[in-house]
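A short write-up of the structure that comes next.
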Number of protein chains: 2
Amino acid sequence: MNIDNFDSFFPHLTSRNLKKGSFIYEEGQGPSGIYYINHGLVGLYHLAENGKETFLRVFGKNNLLGHRSYFCKEKYHASSQAITNAEITFIPQEDLEIYLGQNPNSLRQILAQVASDLGRSELRMSGRHDKSAGGRIIESIVFLKLHYPDQLWTRKQIADYSGSTFETVTRVLNKLEKDGDIIKNGRDFSIISVESLLEKAGQY
Amino acid sequence: MNIDNFDSFFPHLTSRNLKKGSFIYEEGQGPSGIYYINHGLVGLYHLAENGKETFLRVFGKNNLLGHRSYFCKEKYHASSQAITNAEITFIPQEDLEIYLGQNPNSLRQILAQVASDLGRSELRMSGRHDKSAGGRIIESIVFLKLHYPDQLWTRKQIADYSGSTFETVTRVLNKLEKDGDIIKNGRDFSIISVESLLEKAGQY
DNA sequence: CGTTAGTTTGAGGCAGATCAACTTTGGTGG
DNA sequence: CCACCAAAGTTGATCTGCCTCAAACTAACG
């Protein structure tokens, strides 16, 4: 939860319904406010010229979106896209600043969130070199499944999150099922033991 | 500059002199305040169990250090080490909170810094997969040399910053000199044209 | 001027990306 | 409810960037 008492503070703002796959903003644009996710999932993606995608962050119910660029006054460094159908509310700069003025504690909460995300990002960056692809894939499925258990994550999404390819994700998933760490059903799968997986990720 | 009027606000705090190579804090410890760098350079490093190091961030004169962990109430996710002889001041939680209460704008400045660092970190993470080692090395020497021109960066430091190895850095540097983009003198080198380098980084 | 930390250069190997062909899933509309 | 089909997943074969290992060289400092 990133904003306290959202509904009571912004009763005049209207939400927008997004279909799965639609974009909220794109890399290079400049923010004029921030977004609040009423429900649904949104992903932040960086797309390189050569077509390679990196899945940077996931945003869910009650999360803020677009706040990083807003607070450092930069253009968006990545694009945000609805992973599921979603409902979001845009909070224009004017309303946001009034809210921040009346809720001095909220800035501290946002700072805590961004600071935590920075740590996570730096550890993921480190993992790109001090861990194998398999280890990163295991950590990624643990993260994605634990935080968003109801979501069916595709091999491509797991690959883009872990810094790998969907073929390699397939192979790792097959091995994990053979080892009894996960159970596949259809395109989805469920984790048998998080502890066992994380232990295996370290060995990789 | 991360803190306005540092000297006038904390006249009672004493600074500490650090020799090149000494550690300020280590991964896993919990912060009880933050550090202010009076002068010198400090590096933030993540060290993996298999010995691989990642050079996460550089801190220079008047920068804050250790603020990320402080504000999200996490343990340090990496270790900070003096790159040069340095002088730093520890600001205990108590003093810091008084300062923040009297300078509401400072929190916003720190948030802007952390938000900017998050963007940079995520783009570096993306670059680990959508750029070649050569491209990342070129971007790294441009960043390090432009921001800290007086520092002699070793091949190892450039490698750990770019996500590569010092042998590969050597080879890239040799090629860049052959192409006339840099001039080596001793262990150091100077950049002839930033534009030319960045263009080359994209092609890699 | 000795020492050591840093650099250079070459050779070889491999993790995992890439390419390709095929199969399965699950949603859609008739 | 079934037939269809696009999207997602599987599997195997190949290829390569750059990491790793090794050995010699050199700058820079006390």
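For this structure, a couple of remarks:
- Restricting attention to segment A:143-162 and to residues that are hydrophobic (A, V, I, L, M, F, W, C) and in a helix (DSSP H, G or I), the residue that is farthest from the other protein chains (Cβ to nearest Cβ) turns out to be A:LEU146.
- Unmet criterion (only one of (1) more than 13 Å from chain B (Cβ to nearest Cβ); (2) at pLDDT 95 or above; (3) within 14 Å of DNA strand C (Cβ to nearest atom); (4) over 21 Å from A:ASN63 (Cβ atoms)) for A:THR168: (1)
- Residue selected from segment A:2-26 under the condition of a type in the set (D, E, K, R) and over 16 Å from A:ALA82 (Cβ atoms), by the criterion surrounded by the fewest Cβ atoms within 10 Å (Cβ to Cβ): A:ASP7
- If the condition is being among the small types (Gly, Ala, Ser) and either in contact (Cβ under 8 Å) with a residue 40 or more places away in the chain or near DNA strand C (Cβ under 9 Å from one of its atoms) (or both), then segment A:180-189 contributes only A:GLY186.
- In segment B:17-57, the qualifying residues are those that are within 16 Å of DNA strand C (Cβ to nearest atom) and at positive phi, and the one that is modelled with the lowest pLDDT is B:GLY51.
- Wholly enclosed strands (runs of 3 or more DSSP E) of segment B:23-104 bearing at least 1 residues more than 24 Å from B:LYS145 (Cα to Cα): B:23-25, B:33-39, B:86-92
- Residue count, segment B:65-110 (criterion: within 12 Å of chain A (Cβ to nearest Cβ), of a type in the set (A, V, I, L, M) and either surrounded by fewer than 20 Cβ atoms within 10 Å (Cβ to Cβ) or more than 15 Å from A:GLU122 (Cβ to Cβ) (or both)): 3
- Checked against (1) over 21 Å from A:GLU27 (Cα atoms); (2) at pLDDT 95 or above, B:GLN102 passes all but condition (2).
- Note on segment A:92-116: residues that are within 20 Å of the chain's Cα centre (by Cα) and in contact (Cβ under 8 Å) with a residue 24 or more places away in the chain amount to 4.
- Subset of segment B:180-202 (residues that are more than 14 Å from DNA strand D (Cβ to nearest atom) and among the hydroxyl-bearing types (Ser, Thr, Tyr)): B:SER193, B:SER196
- Condition check for A:GLU177 on (1) within 14 Å of DNA strand D (Cβ to nearest atom); (2) without any contact (Cβ under 8 Å) to a residue 12 or more places away in the chain; (3) assigned to a helix (DSSP H, G or I): one failure, at (2).
- Annotation note: Cβ proximity below 7 Å between a residue of segment A:117-142 that is more than 10 Å from B:HIS46 (Cβ to Cβ) and more than 7 Å from chain B (Cβ to nearest Cβ) and a residue that is away from DNA strand D (no atom under 12 Å from the Cβ) and among the basic types (Lys, Arg) (sequence gap 6+ or interchain) occurs for A:ILE138/A:LYS200.
- Qualifying residue in segment A:143-154 (condition: more than 15 Å from B:ASN50 (Cβ to Cβ), within 13 Å of DNA strand C (Cβ to nearest atom), modelled with pLDDT of 95 or more and surrounded by 18 or more Cβ atoms within 10 Å (Cβ to Cβ)): yes
- Tally of residues being within 11 Å of DNA strand D (Cβ to nearest atom), acidic (Asp, Glu) and out of contact with any Lys or Arg (no Cβ under 9 Å at 6 or more places or on another chain) across segment B:127-171: 0
- Residue check, B:GLU195 out of contact with any strand residue (DSSP E or B) (no Cβ under 6 Å at 6 or more places or on another chain) and either part of a helix (DSSP H, G or I) or free of Cβ contacts under 8 Å to residues at least 40 places away in the same chain (or both): yes
The values are calculated or read from the model by the stated rules, or taken from the named source; none is laboratory data. Worth saying up front: this structure is predicted, and the values here are computed from it rather than measured. Counting neighbours? That spans all protein chains shown, and the Cβs are built from the backbone with ideal geometry, glycine included.
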